[in-house]
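Here the structure is laid out as structure tokens; the discussion comes afterwards.
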């Protein structure tokens, strides 16, 4: 393989980015997280599995409040998910401060995806090994989006990852 799996900035001869594929594998192996969009809002839930005999699963969080009108869940590496949740919270606060209104859900997921995609194309960093589910209610109504490790996002009525 000649080192094609050591950097995100180098394609293999058959056009693959192995680090991005490894990030998707982390998502596949993660604990299940689901999101459902209904007329009244959005529901996000995550599975809690006992991983090791001494693990206290009561302190494992996979679903978070981002803002008053937005929640998020993730599947994959916990540390990567928490970094993106913190970034989402920062974006929500900055938007409210700058514009005096809550951040639109699609705008938030787009900003998160910009960062996720950036981490797929530069040396010295690795892609986020996480898929993040963002849901909320804004001026357009209930919205549910998922961002995958490549930095793509899609809108869903219902979704399950992990």
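Checking residue 137 against (1) free of Cβ contacts under 8 Å to residues at least 60 places away in the same chain; (2) over 13 Å from the mean Cα position of the chain (by Cα), which single condition isn't satisfied?
(1)
I'm checking my understanding of the structure. Among residues of the range 85-101 that are under 21 Å from the mean Cα position of the chain (by Cα) and farther than 12 Å from residue 134 by Cβ, which one is surrounded by the most Cβ atoms within 10 Å (Cβ to Cβ)?
Looking at the filtered set, the residue picked out is 95.
Quick grid of which residues meet (1) over 27 Å from residue 32 (Cβ atoms); (2) in contact with a strand residue (DSSP E or B) (Cβ under 8 Å, 6 or more places away or on another chain):
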site	(1), (2)
101	yes, no
115	no, no
130	no, yes
136	no, yes
140	yes, no
161	no, yes
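Take the residues in the range 65-84 that are outside any strand (DSSP E or B) and touching a residue at least 40 places away in the same chain (Cβ under 8 Å), then tell me which one is surrounded by the fewest Cβ atoms within 10 Å (Cβ to Cβ).
Here the answer is 83.
Give me the pairs, please: first residue somewhere in the range 115-126 and without any contact (Cβ under 8 Å) to a residue 40 or more places away in the chain, second residue anywhere and part of a loop (DSSP other than H, G, I, E, B) and surrounded by 12 or more Cβ atoms within 10 Å (Cβ to Cβ), beta-carbon distance under 6 Å, and either six or more positions apart or on two chains.
116/128; 116/151; 117/151
State all residues of the range 33-60 that are part of a loop (DSSP other than H, G, I, E, B) and within 21 Å of the chain's Cα centre (by Cα); if no residue qualifies, say none.
47, 48, 49, 60
Any read-out appearing in this document is the output of simple, stated calculations on the displayed coordinates, not a laboratory observation. Keep in mind that this is a model prediction, so the values were computed, not measured. Note that we place each Cβ from the backbone using ideal geometry, even for glycine, and neighbour counts take in every protein chain shown.
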